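Right, one structure below, let's go through it.
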Amino acid sequence: MKKLFFSTLLSIAFCVVSSAAVRTPDTLRVLSIANSYGEDAVEQNLHDIALADGHVIIIGNMYIGGCFLEKHWKNAERDSAAYSYRKVGVDGKLVKRPSTSLDYALRDEKWDVVIFHQSSGLSGKVESYEPWLTKLLKYTRERVPRRCKMMLNQTWAYAIGSTNPNFPEYGFSQERMYKELTEAYAAEAKKHRMPMIPSGTAVQNSRHTFNRENVTRDGFHMQWWFGRYLVACTYYEALYGQSVVGNSYVPKNLSRRRIDIAQKCAHAACEHPMGVTRVDFDNPFDTSGGNWKPDYINTDPSKIPAYTLPDALTMQDGRIVTTPEQWYGERRGELLELFDTEMYGKAPGAIQPLVEVLEEDTPALDGLALRRQVKLSFSTNKFVVVLMYRPKGAEGPVPAFMGINFDGNATICDDPGILRPGEQRAKRYGIYVEQPRGRWASRWPLKEILSRGYALVTFHCYDADPDYDDGFRNGLTPLIYEEGQKYPKDDQWGTISTWAWTMSRVLDYLESEETVDASRVAAIGHSRLGKAALLASVRDQRFAMAISNDSGCGGAALSRRRYGETLKFITGNFPHWFCTNFLKYVDNEDALPFDQHEFLALMAPRPLYVASAEDDSWTDPVGELLAYQEARRVYDFLGLDAGLTGYHLREGEHDLTYEDWAHYLDFADKHLKH
Ligand code: GTR
C-alpha cells in the first residue's frame, strides 16, 4: 500500500487517533448522537459485523436530520424531546422511539461509548465545534458511567459534482472539504483527547479505488449498500481495535469484490486516519491519473484465453435450430429471456407517462430545423425531457435517429433554445456536473443528419437513471417495486436496462405524434449508451435499426475474450449497470449461457450496424468484429441479405465521430428511406 498523508498533520494524527480501540466488555453499548450521517453509519451492518466476530453490541442512535453540534447542545440544555431514538438491540432488531430527549437516551443504557459528530456542512469549520462540543461532553459525562469513552466520528466529503447546498463553502472541491474537515476533527479530537472514527478517510480511500464516486447515493449520504457498509466497517474497527478485513458478515446486494474494497479501505483508514491510503486492489484502474493500468488489462492478443462460443443455433436443451420459424418462434425468445434475467435485468411492460409539450415546434438551427421539447412524466419528479429536431419543411413523417446523450440535451449542440436542466434537475440527481452547451456537438452532426432528411430524438441518460450507484433511488427503477421493495431483485433491471426501456417509451411517444415516422427509427448509441441502444432495439422490435458505436464489453464485444474491459472490471466499476445475477459470471465467463454474438443476432431480421475504432482497445474491436461475424451467420441462416448488416473499423480513438455518422447515414439511407 502506498500511503499519502497530509504532511502537516502527520504528528497530530499519530497521537490523536491511533489509540482508537475501546475496551470491549461482553456487551458493548454504543450511543451515537447524530443526524442522517449517523443513521448511515450505525443503524445497519454494524451489529452484524460485530456479531460475525462473536461480539454482542447494543447500538443507540439519536437522530435529527441535519443536526449540528450547537443544536445538539441547545436540545440538551432545554431538555428538548426532539430526537428519534433508534436502538438496535442484542437481537439486531431496530426499534424507533419518537420524541426522545438526550437526557433520556444517555440514561437508557450503561453506555460504553458515546459518539459525536458535526453536521457535514460545518465539519470543515473548526470554529463551529466550540463551545458546543465542550458543553456536550460535560453534559454527557454527568449522565454516563465513568468508564464511558467519548469518540468523534469524522464525517465524509461530498461527491464530486454534489449539489449539496453547503458545497460552495468548500469551493465545490471534494479534496478541500476532506482536508478541512479532517483537520477540524483532528484538532477537536486532540483537544478533548478523544479518538476519531475515520469514516471520512475510509470514504476517501474508496474513492481512490476503481469504485470511485460509487459511494454516496445522492452526492452526500452513503449509498445504501456499499457506502453504509464501508462506514460500518470503519466504526467496527475503530470500536473494537480489531481488523475488519476478512469479516464474514455478507451484507445484501454487494459482490465479494466490493465487500473486499470496503473492508480494506476501512482498515487502511483506521491505520492511517489522516490522509488517503491508496489501497491496492487487483484492479485495472490507475487511480493516480485515470489511465488504465496496462499490467491488469490484457492487451496482448496471445494472452486471450481459449474459449468456445455458445452456438447461436443450438437451443438450451441441445436441440439444433433448423428453420427460421424455430429461430423466431423459440430460440429468439429463449435468448432474449436469458439476456434479460442473467445480464441486463428484466424491464417492466410499457408505462404510459403524462406527456407535456414544453415547447411546440420552433424554428431552429438557422432555419434548418424545427425543435420540439417534450416532458414525459412517469410519476411526480420522475420525468424524461425529450429533445427533437426534424428537418423544416419536410413532407410527411420523417425517419429518425434516436440516441441517448451523456451529459444533457443542451450538450448536443450550441442551440441556445435547448432547455437546461438547471436547479430542478440538480436536486433530483444529487450529483450533477453541468456541462457547457454544445460540449458534445462533434458527436451529433445535426446539419448533416437533418439535411439528409432525418429527425434526431435524444434525451439525457440521467433522466432515465443517473449514471452512478445510488441504490436505484433517483431514476425510474423504483417504478417496478412492489410494496416494501427497496432494491431491484436479482433479475430485475439495472441502469442499462432502464435506459433501454426509456428509449421504448420515447418511441411510444413518437407513435402518438405525426411528424416522425415511428416505424423508421434507428436506435443509436455510443459506448455505454451503445449498449443501451442495442438492448432497446433487440428487445423492442419496433426499432427499425440498431447502431452500436464502440459499445464494447456488455455491448457488441464478446465477453469470453476477456480482452480490454472485462466483466470483473465493468461490474466493479459500474455496479449499477447490470442485474445482480450477472455477478455470477465475473471471472467465470465460460459459464455464461450466451455471448454477445447472440445478442447481436437478436436484431434479425432488422438492419444492424456495428462500428469500432482502431485505438480503442478497451472495447476490444476484434471482439466486436468476431461477434458481428457470428451474428451474421444467423442472418445468413435466416436467408437475410448481406446488406442488412454493416461494420466498420475507423482510425482513432473511442468516440462517435463525423466519419462514423457518414457510414450510419449511408446505411440508414438504404434501409429507412423506403
Ligand atoms: C468506460 C466503460 C466502458 C464504456 C465507456 C463509455 O469507462 O468502461 O464500458 O461504456 O466508459 O461509456 O464511454
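The values are calculated or read from the model by the stated rules, or taken from the named source; none is laboratory data. Remember, predicted model here, so these are calculated numbers, not experimental data. A quick note on method: Cβ atoms are made from the backbone with ideal geometry, for glycine too, and the neighbour counts reach across all protein chains shown.
A single entry from Ser512, Ser451, Ser519 fulfils the requirement of being among the hydroxyl-bearing types (Ser, Thr, Tyr), surrounded by fewer than 20 Cβ atoms within 10 Å (Cβ to Cβ) and without any contact (Cβ under 8 Å) to a residue 60 or more places away in the chain: Ser519.
Asp616 - would you say it is acidic (Asp, Glu), within 13 Å of the ligand (Cβ to nearest atom) and over 17 Å from Phe339 (Cβ atoms)? Against the criterion (acidic (Asp, Glu), within 13 Å of the ligand (Cβ to nearest atom) and over 17 Å from Phe339 (Cβ atoms)), Asp616 qualifies. Of the residues making up segment 640-664, just one is within 17 Å of Asp550 (Cα to Cα), more than 16 Å from the ligand (Cβ to nearest atom), in contact with a Lys or Arg (Cβ under 9 Å, 6 or more places away or on another chain) and hydrophobic (A, V, I, L, M, F, W, C), namely Trp661.
Residues of segment 568-582 being part of a helix (DSSP H, G or I), at pLDDT 90 or above and surrounded by 22 or more Cβ atoms within 10 Å (Cβ to Cβ), which ones?
In the first step, residues of segment 568-582 are kept if they are part of a helix (DSSP H, G or I); the result is 568-573, 580-582.
Retained after the next criterion (residues that are at pLDDT 90 or above): 580-582.
Answer for segment 568-582, where residues must be part of a helix (DSSP H, G or I), at pLDDT 90 or above and surrounded by 22 or more Cβ atoms within 10 Å (Cβ to Cβ): just Phe582.
Run Gly171 past the list (1) touching a residue at least 12 places away in the same chain (Cβ under 8 Å); (2) under 19 Å from Glu213 (Cα atoms); (3) of a type outside the set (Phe, Trp, Tyr) and report the number of the one that doesn't hold. Gly171 satisfies all of (1) touching a residue at least 12 places away in the same chain (Cβ under 8 Å); (2) under 19 Å from Glu213 (Cα atoms); (3) of a type outside the set (Phe, Trp, Tyr) except (1). With the structure loaded, tell me whether Ala13 is under 15 Å from Gln154 (Cα atoms) and modelled with pLDDT under 95 or whether it fails that test. Considered against the rule, which asks whether it is under 15 Å from Gln154 (Cα atoms) and modelled with pLDDT under 95, Ala13 comes out as yes.
Quick check on segment 102-109. Is at least one of its residues of a type in the set (Phe, Trp, Tyr) and under 27 Å from Lys190 (Cβ atoms)? Show your work before the answer.
Restricting attention to segment 102-109, the residues satisfying the condition of being of a type in the set (Phe, Trp, Tyr) are 104.
Subsequent filtering for residues that are under 27 Å from Lys190 (Cβ atoms) retains none.
There is no residue in segment 102-109 that is of a type in the set (Phe, Trp, Tyr) and under 27 Å from Lys190 (Cβ atoms).
Against the list (1) within 16 Å of the ligand (Cβ to nearest atom); (2) within 20 Å of the chain's Cα centre (by Cα); (3) of a type in the set (Val, Ile, Thr), the condition Val610 fails is (2).
Restricting attention to segment 472-481, report how many residues are surrounded by fewer than 23 Cβ atoms within 10 Å (Cβ to Cβ) and under 15 Å from Met222 (Cβ atoms).
First, the residues of segment 472-481 that are surrounded by fewer than 23 Cβ atoms within 10 Å (Cβ to Cβ): 473-474, 478-481.
Remaining after also requiring under 15 Å from Met222 (Cβ atoms): 473-474.
Qualifying residue count, segment 472-481: 2.
Of all residues in segment 32-53, those that are in contact (Cβ under 8 Å) with a residue 40 or more places away in the chain and under 18 Å from Thr155 (Cβ atoms) have Cβ atoms under 6 Å from Cβ atoms of residues that are of a type in the set (D, E, K, R) and surrounded by fewer than 24 Cβ atoms within 10 Å (Cβ to Cβ), 6 or more apart or on another chain, in Glu43/Arg86.
Taking segment 332-397 as the region of interest, the strands (runs of 3 or more DSSP E) fully inside it that hold 1 or more residues being loosely packed, with under 15 Cβ neighbours inside 10 Å and out of contact with any strand residue (DSSP E or B) (no Cβ under 6 Å at 6 or more places or on another chain) are 354-364, 369-379. Is it the case that some residue within segment 611-626 is surrounded by fewer than 20 Cβ atoms within 10 Å (Cβ to Cβ) and in a loop (DSSP other than H, G, I, E, B)? The answer is yes, given that some residue of segment 611-626 is surrounded by fewer than 20 Cβ atoms within 10 Å (Cβ to Cβ) and in a loop (DSSP other than H, G, I, E, B).
Can you spot a residue in segment 623-639 that is under 30 Å from Arg439 (Cβ atoms) and either within 16 Å of the ligand (Cβ to nearest atom) or of a type in the set (Ser, Thr, Tyr) (or both)? Checked against the condition, which is being under 30 Å from Arg439 (Cβ atoms) and either within 16 Å of the ligand (Cβ to nearest atom) or of a type in the set (Ser, Thr, Tyr) (or both), segment 623-639 yields at least one hit. The set of residues in segment 298-322 being surrounded by 11 or more Cβ atoms within 10 Å (Cβ to Cβ) and either under 21 Å from Arg632 (Cα atoms) or at pLDDT 95 or above (or both) consists of Tyr307, Leu309, Pro310, Asp311, Ala312, Leu313, Thr314, Met315, Gln316, Arg319, Val321. Output the residue which, of all residues in segment 372-410 that are over 21 Å from Leu665 (Cβ atoms) and of a type in the set (Val, Ile, Thr), is modelled with the lowest pLDDT. Per the criteria, the residue is Thr380.
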